[in-house]
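The values are calculated or read from the model by the stated rules, or taken from the named source; none is laboratory data. Given the structure is predicted, the values throughout are model-derived calculations rather than measurements. Methodologically, a virtual Cβ is constructed for each residue, glycine included, from the backbone with ideal geometry; neighbour enumeration extends over all protein chains shown.
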Amino acid sequence: MATKRYMPAMTTSAPPTIEQIIEDFGFLEEWEDRYRYLIELGRALAPMPAEAHNDVNKVQGCASQVWLQKTIRDEDGTRRIDFLGDSDALIVSGLVAIVIALYSGRTPAEILAVDAEAIFATLGLKDHLSQQRSNGLRSMVARIRNEAAAATL
């Protein structure tokens, strides 16, 4: 029986939502295809300004270099946090894209309520990432949760 091959097209200018990413992962049966999709997600990240690649934005605990830049905005009296991110590694850039899709544009309370581990389990990341990449992913989530907690003060 032939395996189903599907590669979601990254043709829109808007970044995919976490729901779209979950759906796309569901279409991809082979992990080789999922890794390619992760790389594609990373390449489609909104560009981060060169000056944002600094020590303040650098995520500690990642084997690869990862930067997350936050912007807090007020939208009709509701505080929301937007994130830009980047990495020097292709697959890790895709993980950054997943984290941004999961958290960016949400309120601090929404960010703190997200069960990232459950989402990552749904995507199968826990079973298919190296220990170093898993640790880096947890470091990104911890950084964002700390930013959200600080924004509630």
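If you go through region 91-112 and keep only what is surrounded by fewer than 18 Cβ atoms within 10 Å (Cβ to Cβ) and either under 13 Å from Val141 (Cβ atoms) or basic (Lys, Arg) (or both), you end up with just Leu112. Considering (1) touching a Ser or Thr at 6+ places or on another chain (Cβ under 8 Å); (2) surrounded by fewer than 20 Cβ atoms within 10 Å (Cβ to Cβ); (3) modelled with pLDDT under 95, the lone condition that Ala121 does not fulfil carries the number (1). Filtered by the rule that a residue be under 19 Å from Ala50 (Cβ atoms) and buried (at least 18 other Cβ atoms within 10 Å of the Cβ), region 67-84 gives Trp67, Leu68, Lys70, Phe83, Leu84. Looking only at region 96-108, residues that are touching a Lys or Arg at 6+ places or on another chain (Cβ under 7 Å) and under 22 Å from Asn54 (Cβ atoms) come to 0 in all. Residue count for region 11-70, restricted to those that are farther than 15 Å from Leu84 by Cβ, among the β-branched types (Val, Ile, Thr) and under 16 Å from the mean Cα position of the chain (by Cα): 5. Between Ser87, Ser64, the distinction of being buried (at least 19 other Cβ atoms within 10 Å of the Cβ), closer than 16 Å to Arg43 by Cβ, among the polar types (S, T, N, Q) and in contact with a helix residue (DSSP H, G or I) (Cβ under 9 Å, 6 or more places away or on another chain) belongs to Ser87 only. Take the conditions under 14 Å from the mean Cα position of the chain (by Cα) and either within 28 Å of Gly26 (Cβ to Cβ) or surrounded by fewer than 16 Cβ atoms within 10 Å (Cβ to Cβ) (or both) and apply them to Ala116. Does it pass? Here the answer is yes, as Ala116 does meet what is asked. Entry remark, region 45-67: residues being within 20 Å of Ala14 (Cβ to Cβ) and touching an Asp or Glu at 6+ places or on another chain (Cβ under 9 Å) number 3 in total.
Contact annotation: residue pairs with Cβ atoms under 7 Å, 6 or more positions apart or on different chains, pairing a residue in region 71-90 that is among the hydroxyl-bearing types (Ser, Thr, Tyr) with a partner that is part of a strand (DSSP E or B), are Thr71/Asp82; Ser87/Val66. Ile111 meets the stated requirement of being part of a helix (DSSP H, G or I), of a type outside the set (Gly, Ala, Ser) and touching a Lys or Arg at 6+ places or on another chain (Cβ under 9 Å).
Filtering region 40-51 to residues that are buried (at least 16 other Cβ atoms within 10 Å of the Cβ) and in a helix (DSSP H, G or I) leaves Glu40, Leu41, Gly42.
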